[in-house]
Amino acid sequence: MSGDDGGRDADVDADVTAGTDDRNGNGNENENAGARDADRAGLLDRLPPALRTDTALIVAALLGIYVLYVASGVALGYSVRGQLNAVAVVTFYVAVFAMLALALNLQWGYTGLFNIGIVGFMAVGIYTMAIVSKQVYAPGSAASVGGLGAPIWVGMLAGTAVAAILGLIVALPALRLRADYLAIVTIAMSEIVRFTLLSNAFESFRLPVPYVSTAGVGTVTYRVGLGGGSGVILDFRDPLAAFVGAVGLTGPYGALVDLFGRVIEANPRPVVDGLVYGVVLLAFVAGYYWLLSRTGKSPFGRVLKAIREDEDVAGALGKDTRAFKVKAFMLGCALMGLGGILWFMRQGAITPNTYRPRLTFFVWIALIIGGAGSNTGSVVGGAIFAALLYQGPLYLKNLVNTVVPVSNAPGSFGPAVAPLIGRLDPVPFLLYTVDSVRQLQLVIMGVVLVVLMHRRPDGLLGYRTEAAASIPLRLGRATPGAEGPEHGDGTDGTGGADPEGPGGGRDG
Amino acid sequence: MSLAETYSRGRRLAVENPFAVVVSVVVAALAVDLIAGLATGRIPVSRVGSLVWDGLMRGLVIGLAGIGLSMTYSILNFANFAHGDYITGGAFAGWATTYLIAGLGRADVGALLLVGAGGSVFGGALGIGITTTPVAVVAGVVVAGVTTLAIALLVDRLAFRPIRDSGGITLLITSIGVAFALRYLIQFVFGPSTRGTTDAAAVPKFPLYLIDGYVRVDAHDLALLVIAGGLMLGVHLLLQRTKLGKAMRAMSDNRDLARITGIPAERVVTATWATGGGLAGVAGYVLVLWKGTISFNDGWLLLLLIFAAVILGGIGSIYGAIAGGVIIGLTYSLSVLWIPSAFARAAAFIVMIVILLVRPQGLFAGRATS
């Protein structure tokens with residue numbers, strides 16, 4: 001278990017780039033990490049103890065990612081604009097994956113609920129938000145269906161709530177099933193959501209909404225819909241602009257844009273928007289983290305962990321395990337819905353086929369990299385996944401394309417591989433490989449997942465020592481000094497950590 | 001049995017399992033609606049006949065592929081999410097062979113081996129069909145089975161065997177990783193497009209007259225029926241008549257007990273992967289032959305239906321998998337009588353969810369490989 005080595009926290013990046021390969025490699029890395037840790041220690045000492053390691057871990061991961069991106073941006077010869085854009089994009093993905101991994105951690109890491117229908121809750125969240133917040137249908141507008149025209153924050157709340165309600169609908173019957181059955185039910189649910197969004201039966205319909213006004217009570221009918229295969233245009237005001245306006249910062253924001261205008265030649269607005277939205281999302285990540293850490297530490301969270309370890313025992317202690325599971329599942333689903341909203345609401349349009357099960361798979365990899373059961377791990381895992389596995393290959397492709405400008409990559413595997421076999425010319429094959437990075441990226445992710453399950457099923461930070469006893473329960477583990485303060489488990493009552501990790505005998 | 005007894009039993013059932021009662025009511029209502037529709041001529045008999053035939057074909061493919069999933073699920077105790085991509089792998093391997101044999105000399109070998117990736121060659125143009133190019137089709141079936149068998153064994157060696165003793169969920173997550181790696185590797189090689197594989201015009205058709213219209217049956221339907229039926233019979237004989245089959249059943253019933261009695265567990269597991277993989281590959285091949293198109297997503301889209309069938313039939317029961325497959329196939333097809341066809345797949349999933357809630361052990365529950 002990695003939880004015992006002192007320097008592990010600073011060098012999460014190196015650990016994965018160096019290849020999740022073997023534990024023997026850790027020795028060297030830890031020395032470096034230790035040195036870097038010492039550099040930061042002066043600053044960290046001033047922080048309250050609870051913040052020291054975990055915050056440092058997250059900040060180190062983020063800084064490492066930024067350094068990596070800026071360095072490769074310099075190598076690519078990006079302009080300032082390109083650099084800032086790259087930082088904004090990677091921040092965006094780091095934040096959304098961190099949020100979704102945190103939400104999943106509540107369900108899987110804390111409670112042991114095997115949800116592989118994440119994308120369904122995200123889709124329900126953003127589609128609900130779209131219907132509630134889109135402009136009211138007007139004949140002749142670009143959008144074929146309208147919405148209710150409510151403010152954006154109302155839409156966000158509604159989307160989150162509907163995702164939670166869908167969670168309830170799934171949870172009520174399904175939570176008594178075995179973990180693998182719950183998996184199949186949730187993924188089937190997410191596909192049913194996608195088919196519903198795709199079908200032309202709900203492409204457009206009339207929704208009567210009751211209202212109360214001085215004139216009396218009545219209903220007004222709106223033309224709304226899910227838009228079918230062509231999706232929905234999100235024609236509300238840019239949520240970021242709306243937010244800035246709502247908090248009364250339109251003036252200072254304009255000044256900020258002007259400030260960036262000095263270093264970016266033309267039209268600095270989108271770049272600034274991207275950066276600021278990234279910061280807003282990171283604030284949301286902090287909010288998720290705070291909420292879930294509080295939940296984990298609360299008596300409610302302790303029951304969840306008890307259910308994870310042994311549901312029968314928790315039941316025997318008089319806990320209504322079913323109610324706890326339903327609540328935890330709903331909270332997780334609500335957070336997934338909100339995550340979906342925050343991910344997609346600034347995209348201009350949404351189409352159903354975005355919400356394929358592969359998004360669920362991404363979130364799972366993020367959580368497993370970080371380690372189920374650890375909130376810090378979820379954030380770090382989300383960051384590493386987003387930066388290295390999700391955005392990294394595309395960045396690498398750009399890098400290669402800058403070095404070797406490509407205009408004639410083969411269109412399919414045949415023309416790519418024929419020269420390799422025929423006259424040992426690997427260039428077309430390499431070009432095709434670089435060009436197909438989007439597919440190969442998923443192959444790499446699949447392999448990474450398999451390797452992680454073999455070598456490190458606990459992830460980087462999963463199931464950190466959670467001993468309730470004051471003495472080490474097992475030799476070599478649970479040494480008091482090495483204990484991370486994260487989710488405060490050093491003191492709570494769920495007993496020793498499960499040595500088997502996320503898979504260990506929990507499928508009964 | 002007295003009336004009062006029947007009544008009290010019914011009441012107990014309703015109290016203990018209200019969901020089952022709701023389900024029975026819904027099923028009964030649909031059946032009544034169907035019969036009424038047929039009687040009044042609102043629903044043409046031939047349309048129902050066509051849908052039943054279509055559902056049976058789909059169900060046989062699901063059942064054939066489901067046998068392997070059910071066996072590995074019960075012997076190794078995990079839900080293998082990579083099974084769908086074994087199906088795709090088998091389909092592409094088999095169709096590459098078919099293309100090669102049918103089109104040799106008429107088109108570029110590379111294009112044939114890649115099943116016409118990027119629109120380089122078309123199955124329709126090669127005139128592929130069970131009657132026009134029987135050798136190519138039979139060779140394709142064999143190669144599909146053998147290749148997928150090899151894929152299944154290789155994946156087991158690399159991904160599953162090192163963590164054989166881990167919990168079911170660890171293995172399940174691993175299998176999701178395998179599934180994505182396989183699927184997008186296939187897409188990398190064969191390309192993302194969906195393309196036609198058979199020459200639909202050249203397939204002999206045997207329309208059956210049924211009261212008020214025709215039920216469309218063609219030679220590929222019959223080929224599917226023969227191949228799937230034959231293999232199912234073969235698996236039945238393997239399990240019932242051979243020592244290996246007996247060992248598999250013992251392993252599936254109680255792994256520890258089987259090992260104590262001296263059954264070589266690893267060898268039986270290997271044989272299970274080989275059988276299940278081979279059947280999945282053939283199922284993928286005949287699926288493509290039947291529907292006439294191939295895509296890298298085919299296996300994945302089928303996988304959830306296969307899970308539905310396996311759970312419906314009861315995990316570990318190959319007869320359950322076959323029966324479950326047919327029920328799921330029929331649900332898929334017949335559901336279009338009441339709901340938009342976009343929801344046919346959703347209807348099959350809902351049947352599965354309902355079964356999980358009402359009878360999670362499946363219809364052919366328990367120790368039913370025997």
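Ordered from longest to shortest, the equivalent ellipsoid semi-axes for region B:191-320 are 36, 18, 14 Å, each the square root of 5 times a Cα gyration tensor eigenvalue. Over region B:79-135, the fraction of Cα-Cα pairs per 10 Å bin, rounded to whole percents and listed from the shortest bin up, is 25, 47, 20, 8, 0. Our summary of shape: the Cα atoms of the protein assembly as shown have principal axis extents of 83, 79, 79 Å, ordered from largest down, in whole angstrom. Result for chain B in a Gaussian network model with C-alpha springs under 10 Å: among B:Val215, B:Val354, B:Val15, the largest mean-square fluctuation is at B:Val15. Phi angles of region B:203-217 translate, via the Karplus equation with coefficients 6.51, -1.76, 1.60 and θ = phi - 60°, into HN-Hα couplings of 7, x, 10, 10, x, 9, 7, 9, 6, 10, x, 10, 9, 7, 10 Hz per residue; Gly and Pro are given as x.
With contacts taken as Cα pairs under 8 Å and at least 6 residues apart, region B:18-171 reaches a relative contact order of 22 percent.
Here's the list of lysines a cross-link from A:Lys297 could span, going by alpha-carbon distance under 18 Å and ignoring same-chain residues fewer than 8 apart: A:Lys305, A:Lys319, A:Lys325, A:Lys327.
Distant-in-sequence amide contacts of B:Leu210, defined by a placed amide H-H separation under 5 Å and a gap of 5 or more residues or a different chain, comprise B:Val215.
Evaluated at 25 °C with a viscosity of 0.890 mPa s, what Stokes-Einstein diffusion coefficient in µm²/s does region A:290-360 have when Rh comes from the Kirkwood expression over alpha-carbon pairs? In µm²/s, the coefficient is 171. The lysines within cross-link reach of A:Lys397, meaning a Cα-to-Cα straight distance under 24 Å and a gap of 8 or more places when in the same chain, come to none at all. Within the listed set B:Gly278, B:Gly324, B:Gly123, the Gaussian network model of chain B (springs between alpha-carbon atoms below 10 Å) gives the highest mean-square fluctuation for B:Gly123.
Roughly how many whole Å is it from the C-alpha centroid of region B:143-216 to that of region A:238-283? Taking the Cα centre of each part, region B:143-216 and region A:238-283 sit 49 Å apart.
Which of the three applies to chain B, rounded, prolate or oblate, going by the alpha-carbon gyration tensor with a ≥ b ≥ c and a/c under 1.5 meaning rounded?
The shape class here is oblate.
When a/c is below 1.5 the answer is rounded, else prolate if a/b is larger than b/c, else oblate, so apply that to region A:64-215 with a ≥ b ≥ c taken from the square roots of the Cα gyration tensor eigenvalues. Oblate, since a/c reaches 1.5 and b/c is not below a/b. Modelled spin-label separation between B:Val358 and A:Lys297, with each label point placed 7 Å from Cα along the Cα-to-Cβ direction: 4.9 nm. Based on Cα contacts under 8 Å between residues 6+ apart, region A:388-451 shows a relative contact order of 36 percent.
Tell me the mean residue ellipticity at 222 nm calculated for the protein assembly as shown from its helices only (DSSP H runs of n ≥ 4, each -39500 (n - 2.57), averaged over every residue, nearest 500).
-21500 deg cm²/dmol
Between B:Arg9 and A:Asn353, the FRET efficiency from the beta-carbon distance, with R0 = 41 Å, is close to 0.25. Summing Cβ point charges (Lys, Arg +1; Asp, Glu -1) relative to the Cα centre of the protein assembly as shown gives a dipole of roughly 1680 debye.
For region A:234-342, the spread of Cα coordinates along the three principal axes comes to 67, 27, 22 Å, biggest extent given first.
Computed from the Cα positions only, the extents of region B:292-357 along the three principal axes stand at 30, 30, 17 Å, in decreasing order. Classification of region B:1-114 by its C-alpha gyration tensor yields an oblate form. The axis ratio a/c (a ≥ b ≥ c) is 1.5 or more, and b/c is at least a/b. For chain B, modelled as a GNM with alpha-carbon contacts under 10 angstrom, which of B:Leu303, B:Leu334, B:Leu154 fluctuates the most? Top of the fluctuation ranking is B:Leu154.
All of the numbers you see were taken from the coordinates with simple rules; none came from a lab. Because the structure is a prediction, the values reported are computed rather than measured. Note: ideal-geometry Cβ built from the backbone for every residue, glycine included; neighbour counts use all protein chains shown.
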